[in-house]
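The values are calculated or read from the model by the stated rules, or taken from the named source; none is laboratory data. Every value quoted in this text rests on a predicted model; they were computed, and no experiment measured them. Cβ atoms come from the backbone with ideal geometry, glycine included; neighbour counts cover every protein chain shown.
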Amino acid sequence: MYRHETLEKYVEDAAMGTPTPGGGSVAALVGALATTMCSMSANLTVGKEEFKQHDIQLKEILEECKKSRETLLSLMEEDISVYREVSRAYVLPKSSGSERNRRSEAIQKTTILAMVVPLKTMMCCLYVLKKTRELVDIANPNLISDLGVACYLANAAFRCAKLNVEINLAAMKNHELVKKVHGELSYAGKLARVFYEETKERVQRKLER
């Protein structure tokens, strides 16, 4: 499990000429890093006298960020596992008609799984963007640059996860499912842009004060 290995090992393995860890896993890791900057900003604000009116909200955000971080770290690992299943499906024998059918079915089944994991990552990063948007108005302004980092990371992770959903959708033959997921991508993308742009604008405004 990479989450219990060194950061150096993960980075080195991701850089090697092997399929995993790949983009979906890296997207989840970046999303997890975004939660750390949200948590740090909240932790350094909660309990302070001048921000005590926000303590309840800050504590809720801290708990949600912790849950999101755990989810994203699990998805970082899960993305590696499902991609290995896809790879196994592609090397199944295809000499006869029945073998080709079994191989095709296996590819479609594992491709759906490989699409679902980055879709979960994407939605989780959307939630992190929402929490970042909430924090930017109530956290200690001395931590505004850290919240800016959280915003940029969460947005990057969202977009990277979305790319991994899209590449799997392109290989899927279930047109009804593909259409449904594309609708979800479109709606989520609009929300992400709103959270990102509003947070970025507020961060910049506070930096200029």
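Worth pointing out:
- In this structure, residue 113 does not satisfy being touching a residue at least 60 places away in the same chain (Cβ under 8 Å) and either within 30 Å of residue 49 (Cβ to Cβ) or in a helix (DSSP H, G or I) (or both).
- For residue 18, the conditions (1) part of a helix (DSSP H, G or I); (2) of a type in the set (Ser, Thr, Tyr); (3) more than 20 Å from residue 144 (Cα to Cα) all hold with the exception of (1).
- Scanning region 162-193 for residues that are of a type in the set (A, V, I, L, M) and exposed (fewer than 13 other Cβ atoms within 10 Å of the Cβ) returns a single hit, 170.
- Residues within region 169-184 that are touching a Leu at 6+ places or on another chain (Cβ under 9 Å) and in contact (Cβ under 8 Å) with a residue 24 or more places away in the chain, tallied: 4
- Checked against (1) surrounded by fewer than 22 Cβ atoms within 10 Å (Cβ to Cβ); (2) modelled with pLDDT of 95 or more, residue 206 meets all criteria but (2).
- Selection within region 70-104 - surrounded by 13 or more Cβ atoms within 10 Å (Cβ to Cβ) and among the β-branched types (Val, Ile, Thr): 71, 80, 82, 86
- Any hit, region 79-94, residues being closer than 24 Å to residue 34 by Cα and of a type in the set (S, T, N, Q): yes
- The residue of region 120-161 that is surrounded by the fewest Cβ atoms within 10 Å (Cβ to Cβ), among those that are touching an Asp or Glu at 6+ places or on another chain (Cβ under 9 Å) and not in a helix (DSSP H, G or I), is 140.
- Screening the candidates 77, 85, 99 for the property of being part of a helix (DSSP H, G or I) and either touching a Cys at 6+ places or on another chain (Cβ under 6 Å) or at pLDDT 95 or above (or both) yields one hit, 77.
- Residue satisfying all of: in region 40-69; among the hydroxyl-bearing types (Ser, Thr, Tyr) and more than 16 Å from the chain's Cα centre (by Cα); surrounded by the fewest Cβ atoms within 10 Å (Cβ to Cβ) among these: 45
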